[in-house]
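Participant: Attaching a single structure in structure tokens format; questions to follow.
The values are calculated or read from the model by the stated rules, or taken from the named source; none is laboratory data. All of these numbers come straight from a predicted model, not from anything done at the bench. Heads up, the Cβs are rebuilt from the backbone with ideal geometry, glycines too, and the neighbour counts pull from every protein chain shown.
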Amino acid sequence: MFDIRLICKQPDVVERALGTRGVLVDLASIRLLDTEAHTLRGEFDTLHSAQRQRSKVLAELRRSKEDTAPMQSEMQAVSVWTKYVQSRVRSAKEKHQALLGGLPNLPYGGTMSRLGYPA
């Protein structure tokens, strides 16, 4: 399995190394999926955190016998959106892993050194 950091930091080295194995690959799509997954994960984390904070506020409102209907409907909408974003994170990661899993191993040793990556 590839370390995505190598692909992101030195895509030209990875492309040349895979080229020595006769594999032509577009690493841009892998990098794009990685970026998308990270962006979506950040959005999910933000939504999930907001959801937890709102749950605490909702509990306080219930204890003080205040009307919770508006906040509950808002939380339901946030919950639906959170689940949608979470499904997109999973989808992006699955596509990402499938692309990475289809790549052969990089050559070891002298070949990588000649291509500019320390072996």
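Participant: Run down 20, 82 and say which single residue is surrounded by 14 or more Cβ atoms within 10 Å (Cβ to Cβ), hydroxyl-bearing (Ser, Thr, Tyr) and modelled with pLDDT under 95. Break it down stepwise before answering.
Facilitator: Working: 20 fails: surrounded by 14 or more Cβ atoms within 10 Å (Cβ to Cβ).
Matching residue, one of 20, 82: 82.
Participant: With over 30 Å from residue 105 (Cβ atoms), in contact (Cβ under 8 Å) with a residue 40 or more places away in the chain and within 15 Å of the chain's Cα centre (by Cα) as the only criterion, which of 43, 36 stands out?
Facilitator: 43
Participant: With (1) outside any helix (DSSP H, G or I); (2) surrounded by fewer than 16 Cβ atoms within 10 Å (Cβ to Cβ) as the list, and residue 48 as the residue in question, which single condition is left unmet?
Facilitator: It fails just one condition, (1).
Participant: I've got another one for you. Might you let me know whether the range 65-77 holds any residue that is of a type in the set (Lys, Arg) and either exposed (fewer than 11 other Cβ atoms within 10 Å of the Cβ) or in contact with a Cys (Cβ under 8 Å, 6 or more places away or on another chain) (or both)?
Facilitator: yes
Participant: Select from the range 23-45 the residues that are modelled with pLDDT of 85 or more, farther than 30 Å from residue 77 by Cβ and crowded, with 16+ Cβ neighbours inside 10 Å and list them in ascending order.
Facilitator: 27, 30
Participant: So which residues in the range 1-41 are aliphatic (A, V, I, L, M), part of a helix (DSSP H, G or I) and over 17 Å from residue 93 (Cα atoms), if there are any at all?
Facilitator: Within the range 1-41, the subset aliphatic (A, V, I, L, M) is 1, 4, 6-7, 13-14, 17-18, 23-25, 27-28, 30, 32-33, 37, 40.
After this cut, where a residue has to be part of a helix (DSSP H, G or I) as well, the list is 4, 6-7, 13-14, 17-18, 27-28, 30, 32-33, 37, 40.
Matches in the range 1-41: 6, 13, 14, 17, 18.
Participant: Okay, moving on. Please verify whether residue 20 is touching a residue at least 60 places away in the same chain (Cβ under 8 Å) and among the polar types (S, T, N, Q), treating the condition exactly as stated. Before you say what the answer is, go through the steps one by one.
Facilitator: Details: touching a residue at least 60 places away in the same chain (Cβ under 8 Å): yes; among the polar types (S, T, N, Q): yes.
It is true that residue 20 is touching a residue at least 60 places away in the same chain (Cβ under 8 Å) and among the polar types (S, T, N, Q).
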